[in-house]
1. How large are Rg and Dmax for the chain when only the alpha carbon atoms are used, in Å?
2. Cross-link candidates for LYS79: which lysines have Cα within less than 21 Å, leaving aside residues fewer than 8 places away along the same chain?
3. Could you check how many percent of all C-alpha pairs in region 24-77 are farther apart than 15 Å?
4. Identify which of LYS30, LYS211, LYS84 has the largest mean-square fluctuation in a Gaussian network model of the chain, with springs joining Cα atoms closer than 10 Å.
5. Where does helix 202-220 land angle-wise versus the long Cα axis of the chain, in degrees 0 to 90, nearest 10?
6. Which whole-number percentage describes the relative contact order of region 153-227, with Cα contacts under 8 Å and a sequence gap of 6 or more?
7. Quick one: check the C-alpha center-to-center distance for region 1-58 versus region 79-140, whole angstrom.
8. Using a Gaussian network model on the chain with a 10 Å cutoff between Cα atoms, which of PHE68, PHE172, PHE188 fluctuates the most?
Amino acid sequence: MRIDIVTIFPKMFSPVFGASIIRIAQVKGKVKFYLHDLRDYTPDKHRKVDDRPFGGGSGMLMRPEPIFNAVEEILSKTKKNKPKVILLCPQGRKLTQKIAKDIAKEKQIILLCGHYEGIDERVRKELVDQEISIGDYVLTGGELAAMVLVDSVVRLLPGVLGDKNSLNFESFEGNLLEHPHYTRPANFRNLAVPEVLLSGDHKKIEAWRKKQALKRTQERRPDLFKKADLG
Ligand code: ADE
């Protein structure tokens, strides 16, 4: 997968993309990042990316020209991939595992990181295919949201996670949260691991886990529980 990111802070991405699974995914050739500094696409020598809103009001908006220039240049080189243009902003659809899975099927995406009080509406109308929010709170910019989106997508790309099972039984599969996990020691500070997990009876263990997952989902996320796979 190819991921193009248009941002005024390209350096923010290096520590995150240089570590853990996202780094390994690049080493394995499963994903390639192209970071584009929005200021490189400004038409003026001051490299200005923001301006005052027409009609007045507080705060600044992102100007349309540099964003159009950046996206059009990326598209001119990669049209055959039909990349989706995704704007990270608080007004977007809230990111879910289902959205991450759908995005993971794309060959290429272009992520636009919003800033200031917002973005000129013509960018939304003409360039953006999808707007995504990572939650009902306001960040200082779309960069952290883009990293969250990238992390949730890259780990789903085939061949990125070593253990096949690590994707099969994780939270949100069948709209259930994960069951509790335990590792050694079996007794830690007088806190014992549930007996069934030491029994070696795989049928019983599976039934226990399913029950725990249902209980946990019902208690913590009644909204998910309504849609859960009760199997
Ligand atoms: N930019 C600012 N806040 C955001 C959010 N919650 N999600 C995505 N992008 C944002």
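1. 21.9, 71
2. Once the sequence-local lysines are set aside, what remains near LYS79 is LYS30, LYS32, LYS105, LYS107, LYS125.
3. Counting pairs separated by more than 15 Å, the tail of P(r) holds 60 percent.
4. LYS211
5. Roughly 50 degrees, rounded to the nearest 10.
6. Values: 45 pairs, mean separation 22.8, N = 75.
Computed value for region 153-227: 30 percent relative contact order.
7. Comparing the Cα centres of region 1-58 and region 79-140, I get a distance of 13 Å.
8. With Cα springs under 10 Å in the chain, the top fluctuation among PHE68, PHE172, PHE188 is at PHE188.
The values are calculated or read from the model by the stated rules, or taken from the named source; none is laboratory data. Computed from a predicted model, the values in this text were never measured in an experiment. Positions of Cβ are backbone-derived with ideal geometry, glycine not excepted, and every protein chain shown enters the neighbour counts. What goes into the accessible areas is simple: the full protein's heavy atoms, side chains included, and nothing from ligands, DNA or RNA. Shrake-Rupley method; radii C 1.70, N 1.55, O 1.52, S 1.80 Å.
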